[in-house]
Every structure is written in C-alpha cells, then in structure tokens.
Amino acid sequence: MTNLSPASTSAPRSIRVVAPAKINLVLRILDRRPDGYHNLWSLMQTVKVEDEITIAVSGTHSMVTLHCDDPSLKTDSSNLVYRAAVAVMEQGGRIEGVDIALAKRIPMGAGLGGGSSDAAATILGLNRLFNLGWSAEKMAHIGHTLGSDVSFFFFAPSATVTGRGEQVSPVRIRGTRWVVLVNPGFPVETKWAYQQLAAHRAGVVPLSHSHASLSHASELAWERVLDVAENDFEGPVFQTHPLLYAIKRRLLGQGADAALLSGSGATVFGVFQDEMKARQAQAVFLNEPQFKVFVAQTADPS
C-alpha cells in the first residue's frame, strides 16, 4: 500500500498507488453490538494481488471523476474510491478537481477487501498529493467511516483487527509464504453471510486462548498462525456453496499448509511454503474457465 510513485519529486500533480488484496488468516465473528454490527476478531494479511490507482489533480474542473477498466463497476458517488476522495477533501478543507483511474485486478465480492483497499489507497494518495501530512491513525479514522476493512490497510501487511474493524494492531509475521487464491467466479454477499451465520449457529463461541495470545505477540511464526487458521463463515457458506468446500479440499490435497475461505467468500486460498508447490496447485484449477486463480506472495513485513 505504501508503494507511492509520484510523477515528480516536487509538488506532484499525479500519483500512482498500489492497492493490495487481503486474506483473513483468522476470522472470528463474536457478539452482536448495540449498533447492530458484530464484534469481530481477525488476523489479516496482504498479498501481492493488486489494484492500481492513479490520481491526477485537474486544472479544468473541480469535481471528482472516476474511470475504471472494469465496466461492471459503478464509478458514481456510490463507489468507495469516489467516496474516499470526497471524504479527504472535506476533512482536508480542499476543493480541487481530481481525475482517478482505477485498474482492477482483485475480484469483486470476493472476500479479498478490494474495494476497501482501493479506498485506503485513495486516501493515502491524496494525503501525499495534497501534502496534508496526516498520520496513519488519522487516515484510518477517515477510512473507517467508509467501511469496516478500510482501516486495516494503513497498518498492513499484517495486523489483528477487532471491534467493528476500527481497532487495528500491527503484528509482524516472520518471512513470506506463497498463496493460491481461487475465486469461483461468483460473489458472496457479506450481509447474507452474516444472516446465515446467525441462523445456523447455536451461540457465540468465545475467542480461544490460542487466538487471543496472537494479539499479545509483536512477532509471529507462520507455523503458529497456520495452526490456528479458522473462519467462522465457512460452515454456513460451504453449506450453501459446496463447491467452495471442494476447492478447500483440493488445495489441501495439493499440499497447502492451510486452506481457508477469505472473509465471507467467495475466494478460497491455500498457503504454501514455496512457489513451485503453489504453481502446481494453481495448475489443477486452470482447466475450469469460470475460476479466477492467482498465485502471489504475502507482502514482506520488512
């Protein structure tokens, strides 16, 4: 996310920002809050499947314009990138025209946080472009008004996320892993997934000691993390979409150290120690054209 490439070193008029996908290595959905949302506990990690956002200050108009290379994505005021740009200008007291180009690679409705990452990248880019000097905490606060996952990306590549998503604690996971992401070509709506979870579980299972202990560590080993990988959405989502469970089993059968649904789905990912095994696992899905399959490294913590 911090890969900012200004067009010039002094007072840039345009900037390029990379927006990475995220996976949930742990996702626990806890009690319902008074505001109707659920408390969650998650360990998130960015991976190098990335959208790209280019922001240019306009000298000809004072609006926000957004263009995307995926025609299925709305580019009006309902888009998170558009809303992020407006929020920055409102908070920063700036009224300037900006032209934003969004190159999409992260599938939509996929549990990979693409929209949230794009919003965070927009805030980061405009903070730099307008020389606002905002801290990560300030940007995360603005991001949280846009969506629950946005705050995480200001503290990536790895962090525990609690509350509604606004409480983010960076953590270092030593080294990198290779991840195979298999998107089945259809989305899973988050609201539906929460409804299914509430309907199918008998009650809230408290956060385990093994998960809580991750919060108190400043540095973690991948082996420790993958031993406790878990996603509460898997039960209800797999019940409705058995194909996703089959993908998980196939990834494990190809030697993944762990395989899990990301977010509320529909992407399932497998974690591998080396690239060759990951590429071999990718190959077993390539004859199914409806799938989008990515192989990517986890973002380096250094």
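Please treat every number below as a calculation from the coordinates, not as lab data. Not measured: the values here are computed from a predicted model. Positions of Cβ are generated from backbone atoms using ideal geometry, with glycine treated the same way; all protein chains shown enter the neighbour counts.
A few notes on this one:
- 3J(HN,Hα) along region 278-283, derived from phi through the Karplus expression 6.51 cos²θ - 1.76 cosθ + 1.60 where θ = phi - 60°, amounts to 5, 5, 5, 5, 4, 4 Hz, with x in place of Gly and Pro.
- Taking only the Cα atoms of region 16-96, the radius of gyration and Dmax are 17.0, 50 Å.
- Antiparallel content of DSSP bridges confined to the chain, in %, to 5: 85 percent
- Rounded to the nearest 20, the size of the Cβ-charge dipole of the chain about its Cα centre is 160 debye, with Lys and Arg at +1 and Asp and Glu at -1.
- In this structure, the amide hydrogen of Val64, modeled 1.01 Å from its nitrogen in the peptide plane, lies closer than 5 angstrom to those of Val98, counting only residues at least 5 positions away or on a different chain.
- Highest-MSF residue in the chain out of Arg32, Arg83, Arg105 [GNM, Cα springs under 10 Å]: Arg32
- Remark: the Ala217-Ser77 segment gains 46.4 nm on full extension, using 0.36 nm per residue and subtracting the alpha carbon distance.
- Amide H contacts of His38 (H built 1.01 Å from N, under 5 Å, at least 5 apart or other chain): Arg33
- Here the Karplus relation 6.51 cos²θ - 1.76 cosθ + 1.60, evaluated at θ = phi - 60°, turns the backbone of region 105-121 into coupling constants of 10, 6, x, 8, x, 10, x, 10, x, x, x, 5, 5, 4, 5, 4, 4 Hz, with x for every Gly and Pro.
- Residue-wise HN-Hα coupling along region 223-240, computed from phi with Karplus coefficients 6.51, -1.76, 1.60 (Hz; x: Gly, Pro): 4, 5, 5, 5, 5, 10, 4, 6, 9, 5, 6, 4, x, x, 6, 5, 4, 7
- Mean shadow area of the chain, taken as a quarter of the surface of its Cα convex hull (nm²): 15.9 nm²
- Distances between placed amide hydrogens fall under 5 Å for Arg172 paired with Glu219, Leu220, all partners being 5 or more residues away or on another chain.
- Percent RCO, i.e. relative contact order, over region 172-297, from Cα pairs under 8 Å lying at least 6 residues apart: 43 percent
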